[in-house]
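No lab work stands behind these numbers, since they all come straight from the coordinates. A quick note: this is a predicted structure, and the numbers were derived from the prediction, not measured. Cβ placement follows ideal geometry from the backbone for every residue including glycine, while neighbour counts extend to all protein chains displayed.
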Amino acid sequence: MTGTGTALTAARRRRELAELAAGARVDVLVVGLGVTGAGVALDAASRGLTVAAVDAHDLAFGTSRWSSKLVHGGLRYLAGGHVGLAYESAVERDILLRRVAPHLVNPLPSVLPLTPLISGGRAALTRAGFAAGDALRAAAGTPARRLPRSRRIAPAEVHRLVPAVRRDGLRGGLIGWDGQLIDDARLVVALARTAAGHGARILTRCRVTELHGGGATVTDTLTGEEHRLNARAVVNATGVWAEQLDPAVRLRPSRGTHLVLRPGALGTQIAGLTIPVPDETNRFVFALPQQDGRIYLGLTDEPVDGPVPDVPEPSPAERGFLLDVLATAVYPAPSEADVIGAFAGLRPLLAGAADSTADLSRRHAVHTSPGGVTTIVGGKLTTYRRMARDALDAALTARGLPMGRCRTARLPLVGAAPPERLARISAPPRLVARYGTEAAAVAALAADDPSLAEPVAAGVAVTGAELLWSLREEGALDEDDLLDRRTRIGLAPADRERALPAARAAVARAAATAGQ
């Protein structure tokens with residue numbers, strides 16, 4: 001990497017915003033710092049272009065932090081006949097898994113139990129779909145040693161992987177493999193920091209009030225000051241808020257809700273659990289084990305009308321739906337008492353003729369307005385890199401700027417390394433899983449202050465060193481950034497409440513150090 005380094009700090013933000021406010025013109029202005037916007041910023045900066053990327057809130061504030069944390073190979077698209085989209089997903093999964101972010105993406109086995117509710121015909125159809133997914137994996141170049149082939153397994157193997165599966169009438173199961181992110185927000189942070197390492201200006205808390213082909217007017221929400229930013233090309237990557245900046249784009253958002261189940265709610269679960277939704281041909285609910293033992297149970301697909309909220313809220317009906325579907329496959333079935341948190345994200349789906357948002361296309365689309373603003377919408381987290389490339393290419397073409405060659409398919413993110421190298425890092429495995437090659441540096445923050453090696457609250461694994469690292473290196477500015485996006489403690493409200501004093505103390509400590 002070149003230039004200013006990957007650290008995102010409050011001081012760097014102030015300096016770079018002042019440079020832009022003073023009239024510095026960039027080649028590309030990106031609005032939105034979710035996974036796609038951060039991907040555009042990295043793509044542009046790695047091509048040698050000057051870049052500014054702004055967000056009204058924080059890195060990964062919107063949809064990008066509310067996903068299932070899956071990096072999937074497009075099996076659902078294949079079932080719908082969208083072969084090209086399925087292949088694109090499989091290729092992008094391979095790029096993330098083996099080159100771009102192998103420290104953040106791990107192979108995940110998932111089991112579909114063959115219960116009495118699943119007929120022999122449906123089981124055969126599902127098995128054929130899994131085999132097609134294997135073909136996609138092979139076509140994308142992913143070796144079987146990284147993502148093994150799917151197969152049928154015996155009831156005993158089902159229960160070893162997911163002990164809570166109902167035993168009565170179980171005929172075995174089908175097991176397939178996909179990719180799982182340790183945390184979707186960490187992917188966005190790594191993208192933004194890698195872009196910063198290539199010289200991109202990453203500016204949170206900058207709300208765009210006016211956008212046009214030559215730049216934007218932004219308000220610094222920390223100071224209230226208004227600034228004009230000048231750019232040769234502009235990309236609108238604001239997801240479900242894209243219509244507010246480009247009225248020509250028509251979206252029909254849908255809400256996807258997950259529940260967070262306490263550790264042990266489904267026993268010692270090793271693999272993901274895939275459960276067909278009764279009376280639906282191509283819908284499933286997933287129970288996905290996490291590093292900390294919790295289970296993410298999702299996902300719904302509910303149309304959303306009216307204004308787009310900053311933080312969507314799961315509905316009681318969605319909570320009940322997820323628990324009811326889970327109960328068809330496990331015993332004893334978890335109840336609301338086992339739910340320690342919930343989250344919902346809004347998908348920026350393109351409006352279409354389908355009656356259900358579940359049937360709307362997950363393809364992405366790029367639109368350039370007459371005023372010269374290029375907007376990217378649709379798509380999935382797995383294909384963010386392809387979306388970013390297409391959006392940047394369109395923006396540069398529209399403004400007559402040199403294209404350059406996209407390098408992001410072979411550009412490792414901050415912390416990336418092959419599994420064999422990660423295994424040799426001298427740091428706690430939990431830190432290696434979240435920070436990759438930087439794990440030792442995070443742990444080393446506790447060398448002068450051993451208290452930083454301690455968890456920030458009872459029942460929370462996150463340490464004080466991680467909070468300090470987030471403030472020094474990852475662009476966190478306040479306790480919300482720390483709890484809700486850098487560490488994800490906030491996914492369980494009770495944990496958040498217990499950790500809040502430590503987060504506030506870390507922010508105060510960082511501010512005092514900066515003022516010295």
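On the principal axes of its Cα set, how long, how wide and how thick is the stretch 258-317? Give whole Å, largest value first.
Taking the Cα atoms of the stretch 258-317, the three principal extents are 41, 30, 17 Å.
Using alpha-carbon positions, what is the distance between the centroids of the stretch 11-61 and the stretch 372-387, in Å?
Taking the Cα centre of the stretch 372-387 as reference, the centre of the stretch 11-61 is 16 Å away.
Please compute the contact order of the stretch 206-321 in relative form: average sequence separation of alpha-carbon pairs under 8 Å and at least six residues apart, divided by the residue count, as a percent.
20 percent
Return the Rg/Rh value of the stretch 13-134, two decimal places, where both radii are evaluated on C-alpha atoms and Rh is the Kirkwood radius.
Taking Rg over the Kirkwood Rh, I get 1.14.
Could you list the residues of the stretch 188-212 with an amide nitrogen less than 18 Å from a label point located 7 Å from the Cα of residue 15 in the Cα-to-C-beta direction?
So the set is 193-204.
Based on the Cβ-Cβ distance of residue 25 and residue 138, what FRET efficiency does E = 1/(1 + (r/R0)^6) give at R0 = 51 Å, to the nearest 0.05?
Result of the calculation: an efficiency of 0.60.
Nearest 0.05, what FRET efficiency do residue 335 and residue 125 give at R0 = 30 Å with Cβ-Cβ as r? Don't jump to the answer; show the numbers that get you there.
Numbers: r = 32 Å, r/R0 = 1.07.
Using R0 = 30 Å, I get an efficiency of 0.40.
Take the alpha carbon atoms of the stretch 55-124, find their radius of gyration, then divide it by 2.2 N^0.38 Å using N residues; give the quotient.
That ratio works out to 1.46.
As an exercise, use a Förster radius of 25 Å and the Cβ-Cβ distance of residue 446 and residue 494 to find the FRET efficiency, rounded to the nearest 0.05. Could the numbers behind the result be given before it?
Working: r = 26 Å, r/R0 = 1.03.
Efficiency computed from Cβ-Cβ geometry: 0.45.
Could you grab the relative contact order for the stretch 419-514? Cα pairs under 8 Å, six or more apart, rounded to a whole percent.
Relative contact order, the stretch 419-514: 19 percent.
Could you please rank 68, 451, placing first whichever residue has the fewest other Cβ atoms within 10 Å of its Cβ?
Taking fewest neighbouring Cβ atoms as first place, the list is 451, 68.
Viscosity 1.306 mPa s, temperature 10 °C: what is the translational diffusion coefficient of the stretch 376-458 from Stokes-Einstein with a Kirkwood Rh over Cα pairs, rounded to a whole number of µm²/s?
98 µm²/s
With label points built 7 Å along Cα→Cβ from the Cα atoms of residue 167 and residue 420, find their separation and express it in nm.
Computed distance between label sites residue 167 and residue 420 equals 4.3 nm.
Provide 463, 6 in ascending order of the number of other Cβ atoms located within 10 Å of each residue's Cβ, fewest first.
6, 463
So what's Rg/Rh here for the stretch 419-514, counting alpha carbon atoms and using the Kirkwood radius for Rh?
With Rg and the Kirkwood Rh in hand, the quotient comes to 0.96.
So how far apart, in nm, are the two label points at residue 277 and residue 223 if each is 7 Å from Cα heading toward Cβ?
Spacing of the two 7 Å Cα→Cβ label points: 4.8 nm.
Arranged from highest to lowest average of other beta-carbon atoms within 10 Å per residue, in what order do the peptides 155-164, 73-82 appear? Before the final figure, lay out each step's value.
Details: 155-164: 18.3, 73-82: 19.9.
Going by the mean number of other Cβ atoms within 10 Å, highest first, we get 73-82, 155-164.
Just want to confirm a number: the relative contact order over the chain, from Cα pairs under 8 angstrom separated by 6+ residues, in percent. Before the final figure, lay out each step's value.
Working: 1110 pairs, mean separation 105.9, N = 516.
That works out to 21 percent.
What is the P(r) of the stretch 95-243, as percent of Cα-Cα pairs per 5 Å bin from 0?
2, 8, 11, 12, 12, 10, 9, 8, 7, 8, 6, 5, 2, 0
Using a simple charge model, +1 on the beta-carbon of Lys and Arg, -1 on the beta-carbon of Asp and Glu, nothing else, what dipole does the chain show about its Cα centre, in debye to the nearest 20?
Working: 61 positive and 52 negative charges, 375 e Å.
In total the dipole reaches around 1800 debye.
Dipole magnitude of the stretch 419-514 about its Cα centre, charges +1 at Lys/Arg Cβ and -1 at Asp/Glu Cβ only, in debye to the nearest 20?
Computed charge dipole of the stretch 419-514: roughly 220 debye.
Put +1 on the Cβ of each Lys and Arg and -1 on the Cβ of each Asp and Glu in the chain; which of 303, 426, 52 then has its Cα farthest toward the positive end of the dipole?
Going by the charge dipole, the pick is 426.
Full extension from residue 311 to residue 248: what is 0.36 nm times the residue separation minus their Cα-Cα distance, to one decimal in nm?
So the extension gain works out to 20.3 nm.
If one computes the Cα centroid of the stretch 110-124 and of the stretch 192-264, what distance in Å separates the two points?
Going from one Cα centre to the other spans 43 Å.
Counting other beta carbons within 10 Å of each residue's own, what order do 87, 296, 435 fall into, fewest first?
On the way: 87 18, 296 23, 435 26.
With the sparsest Cβ surroundings first, the list reads 87, 296, 435.
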